[in-house]
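*Asks:* The structure's right below; bear with me while I get my questions together.
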Amino acid sequence: MEIIRSVSEMQRRALALKSAGENIGFVPTMGYLHRGHRSLMRIAHERSAPVVVSIFVNPTQFGANEDLDAYPRDFGRDEQICRAEGVDILFYPADDEMYRGDSSVFVVEERLAQGLCGRSRPDHFRGVCTVVAKLFNIVQPAIAVFGEKDYQQLCVLRRMTRDLNFPVEVVSGPIVREKDGLAISSRNKYLSQEERRQALCLRQALDAAEEVYAGGERDAAVLRDAVRREIDVAPLAKIDYIELVDAENLESVDRIRRPALLALAVYIGVTRLIDNTVVGRL
Ligand code: AMP
């Protein structure tokens, strides 16, 4: 496995691979890799070769009061995981490789990024789009794999890829969960034992709503209530949002007639966790 730290070297290498006829598969990450990331690497392997993984904790997607400095990092362990997954190139740029001090061009998606996480994290998707656009130009992938764990991010990035004509196929991977149902996230590391226990309310809330939906209920408010009741059982949980939106355009729905995304963001103590499910998936 090659480890590349320089943007220009990565771009040179990618362009050479591309002109040799290779289809690069790309998995962008912020590191502290877990089974969720590994599942995306496997999808990339099935679909393309070589596989490039990037590790970059992107400062522009963190708000002023968010956890940029505290975000967990362990490059040695990440490197081992990438080797074990047969990754061909690990791209691990430093902050000042990715952004000049006077960077002044950013990528903004103006529709899908507005609601859900965009409401409580106003500049988050601007940072995500900007860094992924940059990474697409640097890594030159034919396919890029993103997790449904960050469903809104996936939609925003699909839209960016379409609207800016990146020659990249965006592929998604399902949410990977712990045995007890908690969606795996690098941020789960922040949870104390008691918080970890109470964090299960997210999955339980989604299960409750799915059950209500399976019973024939189509009213979004009733489903949201079912979610709220489960979250309210956990004293350390504070709801940021519970929303039902169209699974494609992310617009709010009152009644479910087409596949709908049930998405939630919940603080467990000070840690903000997100989870989702698509109800009525075709
Ligand atoms: P992150 O390192 O958190 O920025 O995530 C990098 C990629 O991994 C994103 O496409 C995420 O959606 C995806 N991802 C994170 N957690 C999971 C998970 N539990 N299951 C599937 N994909 C995930």
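Each reported figure results from applying straightforward, stated rules to the coordinates on display, with no laboratory input. A quick note: this is a predicted structure, and the numbers were derived from the prediction, not measured. With ideal geometry, Cβ positions are generated from the backbone for all residues, glycine too; neighbour counts draw on all protein chains shown.
*Asks:* Say whether the condition of being within 11 Å of the ligand (Cβ to nearest atom) and either loosely packed, with under 15 Cβ neighbours inside 10 Å or over 21 Å from Asn137 (Cβ atoms) (or both) is met by at least one residue in the stretch 43-58.
*Replies:* Looking through the stretch 43-58, at least one residue is within 11 Å of the ligand (Cβ to nearest atom) and either loosely packed, with under 15 Cβ neighbours inside 10 Å or over 21 Å from Asn137 (Cβ atoms) (or both).
*Asks:* With the condition kept exactly as written, say whether any residue in the stretch 97-109 is among the charged types (D, E, K, R), within 13 Å of the ligand (Cβ to nearest atom) and either buried (at least 18 other Cβ atoms within 10 Å of the Cβ) or free of Cβ contacts under 8 Å to residues at least 40 places away in the same chain (or both). If you could, list the steps in order and put the result at the bottom.
*Replies:* As a first pass, look at the stretch 97-109 and keep what is among the charged types (D, E, K, R): 97, 100, 102, 109.
Filter again for within 13 Å of the ligand (Cβ to nearest atom), leaving none.
Taking every residue of the stretch 97-109 in turn, none turns out to be among the charged types (D, E, K, R), within 13 Å of the ligand (Cβ to nearest atom) and either buried (at least 18 other Cβ atoms within 10 Å of the Cβ) or free of Cβ contacts under 8 Å to residues at least 40 places away in the same chain (or both).
*Asks:* With within 15 Å of the ligand (Cβ to nearest atom) and touching a residue at least 12 places away in the same chain (Cβ under 8 Å) as the only criterion, which of Leu154, Leu164 stands out? Lay out the reasoning, then the answer.
*Replies:* Values: Leu164 fails: within 15 Å of the ligand (Cβ to nearest atom).
After ruling out the rest, the residue left standing is Leu154.
Table: residues versus (1) surrounded by fewer than 20 Cβ atoms within 10 Å (Cβ to Cβ); (2) out of contact with any helix residue (DSSP H, G or I) (no Cβ under 7 Å at 6 or more places or on another chain).
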{"position": "Val139", "(1), (2)": "no, no"}
{"position": "Ile143", "(1), (2)": "yes, no"}
{"position": "Cys155", "(1), (2)": "no, yes"}
{"position": "Pro167", "(1), (2)": "yes, yes"}
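*Asks:* Just checking, how many residues over the stretch 1-27 are out of contact with any helix residue (DSSP H, G or I) (no Cβ under 7 Å at 6 or more places or on another chain), in a helix (DSSP H, G or I) and surrounded by fewer than 21 Cβ atoms within 10 Å (Cβ to Cβ)?
*Replies:* So the answer is 8.
*Asks:* Look through the stretch 172-199, keep the residues that are under 27 Å from Cys155 (Cα atoms), in contact (Cβ under 8 Å) with a residue 60 or more places away in the chain and not in a helix (DSSP H, G or I), and return whichever of them is farthest from the ligand (Cβ to nearest atom).
*Replies:* Ala199
*Asks:* Condition test on Thr130, is it free of Cβ contacts under 8 Å to residues at least 60 places away in the same chain and either within 15 Å of the ligand (Cβ to nearest atom) or closer than 16 Å to Met41 by Cα (or both)? Let's see the steps before the verdict.
*Replies:* Numbers: free of Cβ contacts under 8 Å to residues at least 60 places away in the same chain: no; either within 15 Å of the ligand (Cβ to nearest atom) or closer than 16 Å to Met41 by Cα (or both): yes.
Answer is no for this residue.
*Asks:* Considering (1) touching a residue at least 24 places away in the same chain (Cβ under 8 Å); (2) surrounded by 16 or more Cβ atoms within 10 Å (Cβ to Cβ); (3) under 18 Å from the mean Cα position of the chain (by Cα); (4) at negative phi, say which one Arg119 fails and leave the rest.
*Replies:* (2)
*Asks:* Let me ask something else about it. Within the stretch 28-51, can you find the residues that are farther than 17 Å from Arg77 by Cα, in a strand (DSSP E or B) and β-branched (Val, Ile, Thr)?
*Replies:* Residue satisfying the conditions is Val51 alone.
*Asks:* Right, here's the next one. Collect the residues in the stretch 28-39 that are aliphatic (A, V, I, L, M), buried (at least 20 other Cβ atoms within 10 Å of the Cβ) and either without any contact (Cβ under 8 Å) to a residue 40 or more places away in the chain or within 6 Å of the ligand (Cβ to nearest atom) (or both), keeping them in residue-number order.
*Replies:* If the condition is that a residue be aliphatic (A, V, I, L, M), buried (at least 20 other Cβ atoms within 10 Å of the Cβ) and either without any contact (Cβ under 8 Å) to a residue 40 or more places away in the chain or within 6 Å of the ligand (Cβ to nearest atom) (or both), then no residue fits.
*Asks:* Of all the residues that make up the stretch 127-158, how many are of a type in the set (A, V, I, L, M, F, W, C) and not in a helix (DSSP H, G or I)? If you could, list the steps in order and put the result at the bottom.
*Replies:* First, the residues of the stretch 127-158 that are of a type in the set (A, V, I, L, M, F, W, C): 128-129, 131-133, 135-136, 138-139, 142-146, 154-157.
Still in the running and not in a helix (DSSP H, G or I): 142-146.
Looking only at that region, the number is 5.
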